[in-house]
Amino acid sequence: MHSTPSLPHVLVVGGGIAGLAAAARLRGVVDGTVRARVTLLEASPRFGGKLLSGEVGGVRVDLGAESMLARRPEATTLARAVGLADALQPPSTAKASIWTRGELRPLPTGHLMGVPGDLDALAASGVLSAEGLARAAEDLTLPRTEVGEDIGVGEYVAARLGHEVVDRLVEPLLGGVYAGHADAISLSAAVPQLLAIAQRSRSAVEGVRAALAGAAKNPNPAPVFTGLDGGIGAFPGAVAEACRAAGAELRTDTPVAALRRTANGWDVVTEDGGTVTADAVVLAVPAPVAARLLAELAPEAAAELGAIEYAGMALVTLAYDRAELGPLPGSGFLVPPVDGRAIKASTFSSNKWGWLDKSAPDRFLLRTSLGRQGEEAVLDLDDDELVALSRADLREAAGITATPYAQAVTRWRSGLPQYPVGHPQRVARVEAAVAALPGLALCGAAYHGVGIPACIADGWRAATTVTAGEVSPDLLSGTQ
């Protein structure tokens, strides 16, 4: 690594993956160029935010995010840079099902976030009724649907293919990412590839088919998703260790109470009464926390940030003796909300992840998720009630009657920011207001994407903003 004289001091507030990525960028962890002295303050006792692992029944497993998009380069690039290259592992199986209309039915192949590019595969799956299939086929002859700059995902897909496609395919797939509602979620923010198809193609089916055919021509296609041997929960610790090795100071249990602009930069006041002086600040915190810290400095930005809604969810992890279970199909199943079940998905973790199967061959771990925006009351049920609801649905969906020998419930209250129609414009207003405060940048899941690669990219972008540098094209293309 090489550094430059008179390095600025950047304080990063927040030790989730976005904040850690910002610190890694500033200390040259990926590309070897040290851009700043770094102090990172995390309010909680640990780093990683929604990336968390723990033991259930003596087996280490993810209790938060379990995979990351591999066709964006940022996450795999950072993982390799912090020594996790050999730990990257795609799922052992990607065959998922939809529990709908009383049965587990295969998730149709050839789709983009539930929008089919192959009507024959859709029909073969049995997910839709005959009436729903007939309505979906009308997409091929309907006139173009005008979408402008943005439209709700559900509104666009219903106009093209009917409400069954929204209810039984788009809703459960999109809900797995945002824990929100398809009608409210922005097509521009959540599925920009589909927005581009809508803007250039009359037919959604033909546009998706062409896009998938183009992707299939790649001679060395990357897996869509990847995990890590030992779980995604190991990622933030590895990044934190690499940042420390590169000279960053990282602190936990240090919540920030206030930001103050000074003649030469910033004073960051911690809740224990301490003050950290910095030339620049990266706020890598949830939108409500950023709104509180910016209420006096940037009231317009704070108001916009305060209006960003979040959804909560609970994950129920169950550990079984494998001998007591029959075979379970694929990687798990999604549940359309229209079917009125308690759970919204189940992942057969020991099927999905080879590292988990290898680490505990006599055990079988799976998990369910419950709750989404506007339906978080389920999180107030006690652990035993959430486990009972999950087991009842697992029994009906997949015939699982065995009793788990261990269980864990993880609640993620206000865990996922929502991206309604107009979200990109809201983010632009926030960033314009913050730009009036030199040496300040925001990053995290509330802005340009909720996935791990998007959060890492946002951390890199914020680091670049506060050091007035340029993001290396090689860095963002994942070639370094």
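Can you find even one residue in the stretch 71-79 that is assigned to a helix (DSSP H, G or I), in contact with a Cys (Cβ under 9 Å, 6 or more places away or on another chain), crowded, with 20+ Cβ neighbours inside 10 Å and not aromatic (Phe, Trp, Tyr)?
If we filter the stretch 71-79 for residues that are assigned to a helix (DSSP H, G or I), which is where we start, we get 74-79.
Still in the running and in contact with a Cys (Cβ under 9 Å, 6 or more places away or on another chain): 74-75.
With the extra rule that they be crowded, with 20+ Cβ neighbours inside 10 Å, the set shrinks to 74-75.
Still in the running and not aromatic (Phe, Trp, Tyr): 74-75.
Looking for residues that are assigned to a helix (DSSP H, G or I), in contact with a Cys (Cβ under 9 Å, 6 or more places away or on another chain), crowded, with 20+ Cβ neighbours inside 10 Å and not aromatic (Phe, Trp, Tyr), one finds at least one in the stretch 71-79, hence yes.
Conditions: (1) under 20 Å from the mean Cα position of the chain (by Cα); (2) surrounded by fewer than 17 Cβ atoms within 10 Å (Cβ to Cβ). Residue 85 meets all but one. Number of the miss?
Answer for residue 85: the failing condition is (1).
Let's see how each residue does on (1) closer than 29 Å to residue 102 by Cα; (2) modelled with pLDDT under 95:
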| position | (1), (2) |
| --- | --- |
| 405 | yes, no |
| 418 | no, no |
| 425 | no, no |
| 431 | no, no |
| 438 | no, yes |
| 443 | no, no |
| 448 | no, no |
| 455 | no, no |
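If you take the residues in the stretch 16-29 that are out of contact with any strand residue (DSSP E or B) (no Cβ under 6 Å at 6 or more places or on another chain) and under 14 Å from residue 248 (Cα atoms), which one is surrounded by the most Cβ atoms within 10 Å (Cβ to Cβ)?
Initially, the stretch 16-29 is screened for residues out of contact with any strand residue (DSSP E or B) (no Cβ under 6 Å at 6 or more places or on another chain), giving 16-18, 20-21, 24-25, 29.
Going one step further and asking which of them are under 14 Å from residue 248 (Cα atoms), we end up with 20-21, 24-25, 29.
Working: 20: 35, 21: 33, 24: 27, 25: 30, 29: 22.
Per the criteria, the residue is 20.
Let me spell it out: the conditions are (1) touching a residue at least 40 places away in the same chain (Cβ under 8 Å); (2) under 26 Å from residue 397 (Cβ atoms); (3) touching a Lys or Arg at 6+ places or on another chain (Cβ under 9 Å), and residue 113 meets all of them except one. Which number is the exception?
Here residue 113 clears every test but (3).
What's the number of the only condition in (1) free of Cβ contacts under 8 Å to residues at least 40 places away in the same chain; (2) in a helix (DSSP H, G or I); (3) crowded, with 24+ Cβ neighbours inside 10 Å; (4) not hydroxyl-bearing (Ser, Thr, Tyr) that residue 182 fails to meet?
Going through (1) free of Cβ contacts under 8 Å to residues at least 40 places away in the same chain; (2) in a helix (DSSP H, G or I); (3) crowded, with 24+ Cβ neighbours inside 10 Å; (4) not hydroxyl-bearing (Ser, Thr, Tyr) one by one, residue 182 breaks only (2).
Can you name every residue in the stretch 60-70 that is at pLDDT 95 or above, touching a helix residue (DSSP H, G or I) at 6+ places or on another chain (Cβ under 9 Å) and crowded, with 19+ Cβ neighbours inside 10 Å?
Within the stretch 60-70, 61, 62, 65, 66, 67, 68 qualify.
Checking residue 55 against (1) under 22 Å from residue 361 (Cβ atoms); (2) touching a residue at least 24 places away in the same chain (Cβ under 8 Å), which single condition isn't satisfied?
For residue 55, the failing item is (2).
Scan the stretch 223-265 for residues that are within 18 Å of the chain's Cα centre (by Cα) and assigned to a loop (DSSP other than H, G, I, E, B) and jot them down.
Residues satisfying the conditions are 223, 224, 231, 232, 233.
Evaluate the stretch 250-270: report whether one residue or more is in contact with a Cys (Cβ under 9 Å, 6 or more places away or on another chain), of a type in the set (A, V, I, L, M), modelled with pLDDT of 95 or more and not assigned by TED's automatic domain parsing to the domain that holds residue 360. So that I can check it myself, show each step before the final result.
Just the residues of the stretch 250-270 that are in contact with a Cys (Cβ under 9 Å, 6 or more places away or on another chain), to begin with: 250.
Then drop every residue that is not of a type in the set (A, V, I, L, M), which leaves 250.
Of the ones still in play, those that are also modelled with pLDDT of 95 or more are 250.
So of that shortlist, the ones also not assigned by TED's automatic domain parsing to the domain that holds residue 360 come out as 250.
Yes - at least one qualifying residue is present in the stretch 250-270.
So how many residues does the stretch 128-146 have that are hydrophobic (A, V, I, L, M, F, W, C) and within 21 Å of residue 199 (Cα to Cα)?
So the answer is 4.
Among the residues of the stretch 15-30, is any in a loop (DSSP other than H, G, I, E, B), within 18 Å of the chain's Cα centre (by Cα) and closer than 30 Å to residue 271 by Cα? Outline the logic, then answer.
In the first step, residues of the stretch 15-30 are kept if they are in a loop (DSSP other than H, G, I, E, B); the result is 15-16, 27-30.
Restricting the remaining residues to those that are within 18 Å of the chain's Cα centre (by Cα) gives 15-16.
Those left that are additionally closer than 30 Å to residue 271 by Cα: 15-16.
Yes, the stretch 15-30 has at least one match.
Being surrounded by fewer than 18 Cβ atoms within 10 Å (Cβ to Cβ) and not β-branched (Val, Ile, Thr): is that true of residue 91 here? First the steps, then the outcome.
Working: surrounded by fewer than 18 Cβ atoms within 10 Å (Cβ to Cβ): no; not β-branched (Val, Ile, Thr): yes.
So residue 91 does not fit the description; no.
Given the conditions (1) under 25 Å from residue 333 (Cα atoms); (2) assigned by TED's automatic domain parsing to the domain that holds residue 287; (3) surrounded by fewer than 22 Cβ atoms within 10 Å (Cβ to Cβ); (4) β-branched (Val, Ile, Thr), and given that residue 387 satisfies all but one, which numbered condition is not satisfied?
All conditions are met except number (2).
Quick one: in the stretch 143-169, which of the residues that are part of a helix (DSSP H, G or I) and in contact with a Leu (Cβ under 6 Å, 6 or more places away or on another chain) is surrounded by the fewest Cβ atoms within 10 Å (Cβ to Cβ)?
Just the residues of the stretch 143-169 that are part of a helix (DSSP H, G or I), to begin with: 153-161, 163-169.
In the following step, the residues that additionally are in contact with a Leu (Cβ under 6 Å, 6 or more places away or on another chain) were identified as 153, 156, 164.
On the way: 153: 31, 156: 25, 164: 21.
For the stretch 143-169, the residue satisfying everything is 164.
If you check 176, 162, 180, which single one turns out to be in contact with a helix residue (DSSP H, G or I) (Cβ under 8 Å, 6 or more places away or on another chain), within 18 Å of residue 420 (Cα to Cα), assigned by TED's automatic domain parsing to the domain that holds residue 125 and not aliphatic (A, V, I, L, M)?
Values: 176 fails: in contact with a helix residue (DSSP H, G or I) (Cβ under 8 Å, 6 or more places away or on another chain); 162 fails: within 18 Å of residue 420 (Cα to Cα).
So the residue among 176, 162, 180 that is in contact with a helix residue (DSSP H, G or I) (Cβ under 8 Å, 6 or more places away or on another chain), within 18 Å of residue 420 (Cα to Cα), assigned by TED's automatic domain parsing to the domain that holds residue 125 and not aliphatic (A, V, I, L, M) is 180.
Out of 105, 135, which single residue is surrounded by 18 or more Cβ atoms within 10 Å (Cβ to Cβ), over 29 Å from residue 32 (Cα atoms) and without any contact (Cβ under 8 Å) to a residue 24 or more places away in the chain? Walk me through how you get there before you give the answer.
Details: 135 fails: without any contact (Cβ under 8 Å) to a residue 24 or more places away in the chain.
Among 105, 135, only 105 is surrounded by 18 or more Cβ atoms within 10 Å (Cβ to Cβ), over 29 Å from residue 32 (Cα atoms) and without any contact (Cβ under 8 Å) to a residue 24 or more places away in the chain.
The values are calculated or read from the model by the stated rules, or taken from the named source; none is laboratory data. The shown structure was predicted, so the numbers you read here are calculated from the model rather than taken from an experiment. Virtual Cβ from ideal backbone geometry, glycine too; neighbours counted across all protein chains shown.
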